[in-house]
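*Asks:* There's a structure below that I have some questions on.
The values are calculated or read from the model by the stated rules, or taken from the named source; none is laboratory data. Bear in mind that the values here come from a model prediction, so they are computed numbers and not experimental data. Cβ coordinates were reconstructed from backbone atoms using ideal geometry, including for glycine residues, and neighbour counts include every protein chain displayed. Only protein heavy atoms, including side chains, enter the accessible area calculation; ligands, DNA and RNA are left aside. Shrake-Rupley method; radii C 1.70, N 1.55, O 1.52, S 1.80 Å.
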Amino acid sequence: MPFSDFHGNSETVQRIREMLARDRFPHGVILTGPAGSGKYTLATMVARAMNCLERPKTNGLPDFCGRCSNCARIGQAEDLDVLCANAIEARDALKETEKKETRLFIQTHPDVLIIPPDPPQMMIKVDQVRRLIENIYFLPAEGRERVFIFTNSAFMKEAANSLLKVLEEPPEFATIFLLAENAGELLPTIRSRCMIVPLRRLSLAELEDYLAKHRPEWRPQQRAFVARLSDGAVGRARSFDLEAYSASRNDALTILRTALQAREHSDLFKVTESYRAGAEGRRKTDLLLGSLYSLLQDLLFLDSGSGNLVRNTDVLPELQKLRESADFDWLVAASERLNEVERGMRRNLLRSLSLDAFEAALERT
Ligand SMILES: [Zn+2]
């Protein structure tokens with residue numbers, strides 16, 4: 001799994017590899033980019049290249065083998081969401097007193113420490129930075145470089161100040177990665193001690209190209225609309241659940257159809273009844289609300305003559321039919337209502353009832 005597996009942003013990857021080649025990699029790097037742009041993947045790739053035992057080169061620049069014991073163990077940290085969920089679950093199982101003193105870390109290799117935001121506040125806490133300080137001045141145990149990856153830029157004040165002290169005088173053999181959507185989320189004093197490396201959004205063509213390789217079973221039309229819905233983020237395209245999205249969008253279309261062309265409600269009730277309480281229902285409802293938003297937005301695009309921006313291109317004929325009964329004022333009112341439903345859901349109002357009420361409020365009759 002070498003650098004060539006990183007999709008998009010090839011100039012940036014090239015620049016990073018040139019810095020590795022000169023053996024003058026900065027001690028603090030802020031990787032910026034939208035969610036899903038590959039910041040974490042790239043940081044763990046650099047960690048592997050720094051510590052790979054084989055030290056292969058491709059196109060004359062440092063790469064990593066992906067197979068040696070260092071690459072393999074650092075690679076185990078790839079699925080960050082799953083590892084974080086497991087770590088949180090493990091902590092929840094502890095006794096109250098221990099729970100308070102346990103902070104979240106992900107470590108699959110002795111020289112690479114991954115520091116996610118700590119729940120429930122979802123912030124980086126001072127105890128997490130302290131762990132970094134306890135580790136960073138020791139020579140690497142099995143690799144050549146100690147790597148620390150903060151996966152989020154939300155630092156508690158004290159944590160940010162402690163990190164600042166380390167960044168003022170980091171040891172020769174350590175690299176700290178800070179991942180952020182915008183560099184502006186971090187203190188100016190931290191920014192000024194780091195190199196900022198931005199990852200940009202991918203173009204539609206780049207995402208479709210990626211999906212053609214990784215989702216050959218999808219129809220080109222499906223790949224095209226997943227690319228549009230992924231908003232330039234390769235991570236979102238990769239994990240896109242087409243089946244679940246299609247199911248929730250069908251439900252969303254039924255709700256809009258009933259509201260706009262209401263003849264009878266039996267289809268609608270069948271749909272809304274299936275949205276129940278509990279974690280499963282919550283996920284399903286989130287998806288449904290997302291689908292409703294994206295359909296309403298597409299209808300607004302059609303209404304304003306910007307049909308080229310429509311994302312749900314595979315149901316375009318259906319959208320055009322809905323658009324005939326929906327004018328601008330209705331679309332704006334529907335978006336506002338949807339916002340209210342979303343707020344209600346957060347307060348745990350009954351899902352099926354709020355969906356029925358949402359539809360009723362939008363009826364044209
Ligand atoms: Zn290796």
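*Asks:* Can you tell me which residue within the stretch 208-223, out of those that are open to solvent by less than 30 Å² (accessible area, probe 1.4 Å) and assigned to a helix (DSSP H, G or I), is nearest to residue 9 (Cα to Cα)?
*Replies:* 210
For every residue, the table says whether it meets (1) in a helix (DSSP H, G or I); (2) open to solvent by 50 Å² or more (accessible area, probe 1.4 Å); (3) at pLDDT 85 or above.
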position	(1), (2), (3)
263	no, yes, no
275	no, no, no
289	yes, no, yes
295	yes, no, yes
302	yes, no, yes
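*Asks:* In addition: Which of the residues spanning the stretch 224-244 are more than 17 Å from residue 8 (Cα to Cα) and in a loop (DSSP other than H, G, I, E, B)?
*Replies:* The answer is 240, 241.
*Asks:* From 73, 67, grab the single residue that is at pLDDT 90 or above, in contact with a His (Cβ under 6 Å, 6 or more places away or on another chain), open to solvent by 40 Å² or more (accessible area, probe 1.4 Å) and not β-branched (Val, Ile, Thr).
*Replies:* That would be 73, the only listed residue that is at pLDDT 90 or above, in contact with a His (Cβ under 6 Å, 6 or more places away or on another chain), open to solvent by 40 Å² or more (accessible area, probe 1.4 Å) and not β-branched (Val, Ile, Thr).
*Asks:* Could you run through the stretch 248-261 and say how many residues are touching a residue at least 24 places away in the same chain (Cβ under 8 Å) and surrounded by fewer than 19 Cβ atoms within 10 Å (Cβ to Cβ)?
*Replies:* Number of matching residues: 2.
*Asks:* Moving on. Name the pairs whose Cβ atoms lie under 7 Å apart, with the first residue in the stretch 36-62 and closer than 16 Å to residue 180 by Cβ and open to solvent by less than 30 Å² (accessible area, probe 1.4 Å), the second of a type in the set (Phe, Trp, Tyr) and not in a loop (DSSP other than H, G, I, E, B), and 6 or more positions between them or separate chains?
*Replies:* 43/177
*Asks:* Can you find, within the stretch 304-335, the residue that is most open to solvent (accessible area, probe 1.4 Å) among those that are more than 26 Å from the chain's Cα centre (by Cα) and closer than 14 Å to residue 359 by Cα?
*Replies:* Top of the filtered list is 333.
*Asks:* Spot the failing condition for residue 205; the list is (1) open to solvent by less than 20 Å² (accessible area, probe 1.4 Å); (2) in a helix (DSSP H, G or I); (3) over 26 Å from residue 112 (Cβ atoms); (4) not charged (D, E, K, R), and only one is missed.
*Replies:* That leaves (1) as the condition not met.
*Asks:* Residues that are hydrophobic (A, V, I, L, M, F, W, C), touching a residue at least 12 places away in the same chain (Cβ under 8 Å) and open to solvent by less than 10 Å² (accessible area, probe 1.4 Å): list the helices (runs of 4 or more DSSP H) wholly contained in the stretch 113-194 that include at least 2 such residues.
*Replies:* Filter on the stretch 113-194 gives 126-136, 157-168.
*Asks:* Checking residue 24 against (1) basic (Lys, Arg); (2) away from the ligand (no atom under 16 Å from the Cβ); (3) within 29 Å of residue 182 (Cβ to Cβ); (4) not in a loop (DSSP other than H, G, I, E, B): exactly one of these is not met. Which one?
*Replies:* Of the numbered conditions (1) basic (Lys, Arg); (2) away from the ligand (no atom under 16 Å from the Cβ); (3) within 29 Å of residue 182 (Cβ to Cβ); (4) not in a loop (DSSP other than H, G, I, E, B), the odd one out for residue 24 is (4).
*Asks:* Of everything in the stretch 37-90 that's among the basic types (Lys, Arg) and within 12 Å of the ligand (Cβ to nearest atom), which residue is farthest from residue 21 (Cα to Cα)?
*Replies:* Among residues in the stretch 37-90 that are among the basic types (Lys, Arg) and within 12 Å of the ligand (Cβ to nearest atom), the one farthest from residue 21 (Cα to Cα) is 73.
*Asks:* Quick one: residue 90 ticks every box in (1) surrounded by 12 or more Cβ atoms within 10 Å (Cβ to Cβ); (2) in a helix (DSSP H, G or I); (3) free of Cβ contacts under 8 Å to residues at least 24 places away in the same chain; (4) hydrophobic (A, V, I, L, M, F, W, C) except a single one, so which number is it?
*Replies:* (1)
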